[in-house]
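Novice: Can you keep this structure in mind? I'll have questions shortly.
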Amino acid sequence: ILEIGSGPGNITIFLKDMAKRVVGIEVDRDFKPIHVDIEKRYPHVSFIYNDIRKIDILSIIKEEKVEKVKIVGNIPYYLSSFIIRKLYDWSFCLSEAIIMMPRDVASRVVASPNTKVYGILSVASQVKFKPEIMFYVKSGSFFPRPKIDSAVVKFTPSNIYKIDDEKLFFRVLKITFGNRRKMLINTLKNIIPDAQVLKDLLNDLEIDPKSRPEILSVNDFVKLYEKVRYFS
């Protein structure tokens, strides 16, 4: 288990009985005296002091001589979108991930098409994982009390889709959702300038050229990306 944001080790102590090896990542070295005590009591637990944004998970996997890791994290809320993007990158080496995040972010992660919160985060999460909200946590459960409620989300790798050109895939998402009130025939011309070619492409996919991105399913976006990749 790889724990993101170990803090004083309260969750780490709970995780110690769930895996043969637990590695905690914590940026604040002030917790080190507590961690040293935990490491002495539980030799299979250790800590790395670094910013998660600078961590090379592949190096950890290689060092630990494992193929898959489980990630658990009660992360700083301002890093929620970053962590979800990293989960996308790490999906091939994850058995699962359980992350606590702001409730509104969790809603976007699991959102369905034709909803106001469905967007890039929804598609990026669901193209690699089957995300589900396990439970909600009220703000009053913490001290100091945050201004917002939280949700614990489980990410289970699905391995349904293969995205070879991730840069193009995210470009399609950013162009369409970045102009979500515009029709696809207008937003996608930034990638395929020929209007007739673009119209035929969308019609071949049985997507109305006048539709907007929020009606497209994850499967629709993958098929759209594959077509765009062929023409671009």
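None of the figures in this text is laboratory data; all of them are computed from the coordinates on show. What you see is a predicted model, and the numbers here were worked out from it, not measured in a lab. Here Cβ is always computed from backbone atoms with ideal geometry, including for glycine, and neighbour counts include all displayed protein chains.
Novice: Once fully extended, how much extra length lies between residue 162 and residue 89, figured as 0.36 nm per residue of separation less the alpha-carbon to alpha-carbon distance?
Specialist: Fully extending the segment from residue 162 to residue 89 adds 25.0 nm.
Novice: Does anyone have the angle between helix 32-41 and the longest principal axis of the chain? Alpha-carbon axes, 0 to 90°, nearest 10?
Specialist: Long axis of 32-41 versus the principal axis of the chain: about 70 degrees.
Novice: Still on this structure: Could you check the spin-label model distance between residue 149 and residue 200? Points 7 Å from the Cα along Cα→Cβ, value in nm.
Specialist: The two pseudo-label positions are separated by 5.2 nm.
Novice: Quote to one decimal, in nm, the extra length available between residue 78 and residue 18 on full extension: 0.36 nm per residue of separation minus the C-alpha distance between them.
Specialist: In short, 18.8 nm is gained.
Novice: Another one. What does the helix-only formula give at 222 nm for the chain: each DSSP H stretch with n ≥ 4 adding -39500 (n - 2.57), the total divided by the residues, and the result rounded to the nearest 500 deg cm²/dmol?
Specialist: Taking each H run of at least 4 residues, the total per residue is -11000 deg cm²/dmol.
Novice: Given +1 on the Cβ of Lys and Arg, -1 on the Cβ of Asp and Glu, and no further charges, what dipole in debye does region 78-151 carry about its Cα centre, rounded to the nearest 20?
Specialist: Charge dipole, region 78-151, about its Cα centre: 200 debye, nearest 20.
Novice: A further question follows. Choose one of 230, 43, 10: the residue whose Cα lies farthest towards the positive end of the charge dipole of the chain (beta-carbon charges +1 Lys, Arg; -1 Asp, Glu; about the Cα centre).
Specialist: Comparing the listed Cα positions along the dipole, 10 ranks first.
Novice: Which residue, chosen from 161, 211, 123, occupies the Cα position most advanced towards the positive end of the dipole of the chain, where the dipole is computed from +1 (Lys, Arg) and -1 (Asp, Glu) charges on Cβ about the Cα centre?
Specialist: Projecting each Cα onto the dipole axis, the largest value belongs to 211.
Novice: Name the most mobile residue of 156, 115, 12, meaning the one with the largest mean-square fluctuation, in a Gaussian network model of the chain with Cα contacts below 10 Å.
Specialist: So, out of 156, 115, 12, the one fluctuating most is 115.
Novice: Write out the GluC sites (Glu not before Pro) in region 28-80 meeting two conditions: DSSP loop, and at most 12 other Cβ atoms within 10 Å of their Cβ.
Specialist: Of the GluC sites (Glu not before Pro), the ones in loops of region 28-80 whose Cβ has at most 12 other Cβ atoms within 10 Å are 67.
Novice: Hey, another quick one. Would you mind calculating the relative contact order of the chain from Cα pairs under 8 angstrom and at least 6 residues apart, reporting the percent as a whole number?
Specialist: 14
Novice: May I ask you to evaluate 6.51 cos²θ - 1.76 cosθ + 1.60, the Karplus curve with θ = phi - 60°, for each residue of region 188-195 and list the ³J(HN,Hα) values in order in whole Hz, giving x for glycine and proline?
Specialist: 6, 5, 5, 9, 10, x, 6, 4
Novice: Hey, another quick one. Can you tell me how region 161-201 classifies by the Cα gyration tensor, rounded, prolate or oblate, using a/c under 1.5 as the rounded cut?
Specialist: oblate
Novice: Taking a 23 Å limit on the Cα-Cα distance, which of the listed pairs 128/199; 62/154; 16/62; 130/174 fall beyond it?
Specialist: Among 128/199; 62/154; 16/62; 130/174, the Cα-Cα distance tops 23 Å for 128/199; 62/154.
Novice: Looking at the chain, send over the antiparallel percent of its DSSP beta bridges, to the nearest 5.
Specialist: The antiparallel proportion sits near 45 percent.
Novice: Which percent of Cα-Cα pairs in region 1-66 sits in each 10 Å bin, short to long?
Specialist: 22, 57, 21
Novice: Quick one: putting +1 on the C-beta of Lys and Arg, -1 on the C-beta of Asp and Glu, what dipole do you get for region 2-157 around its Cα centre, in Debye to the nearest 20?
Specialist: Approximately 260 debye in magnitude.
Novice: If the only charges are +1 at each Lys and Arg Cβ and -1 at each Asp and Glu Cβ, what is the size of the charge dipole of region 21-108 around the Cα centre, to the nearest 20 debye?
Specialist: 120
Novice: If you don't mind, another one. Residues with amide H under 5 Å of residue 24's amide H, sequence separation 5 or more or different chain, H placed in the peptide plane at 1.01 Å from N; which?
Specialist: 3, 46, 47, 48
Novice: So how far apart, in nm, are the two label points at residue 66 and residue 230 if each is 7 Å from Cα heading toward Cβ?
Specialist: Each label point lies 7 Å from its Cα, and together they span 4.1 nm.
Novice: So what is Rg over Rh here for the chain, counting just Cα atoms and using Kirkwood for Rh?
Specialist: When Rh is taken as the Kirkwood radius, the ratio is 1.05.
Novice: Rounded to whole Å, give me the distance from the Cα center of region 144-165 to that of region 1-42.
Specialist: Computed from Cα coordinates, the inter-centre distance equals 22 Å.
Novice: Compute the length gained on full extension between residue 44 and residue 104: take 0.36 nm times their separation in residues and subtract their Cα-Cα distance, giving the result in nm to one decimal.
Specialist: 18.0 nm
Novice: What is the helix-to-structure angle for 218-231, meaning the angle in degrees between its Cα long axis and the longest Cα principal axis of the chain, kept from 0 to 90 and rounded to the nearest 10?
Specialist: 60
Novice: What would the Debye equation give as log₁₀ I(q)/I(0) for region 166-231 at q = 0.12, 0.14, 0.23, 0.29 Å⁻¹, counting only Cα atoms as equal point scatterers?
Specialist: One equal scatterer on each Cα of region 166-231 leads to -0.23, -0.31, -0.95, -1.73.
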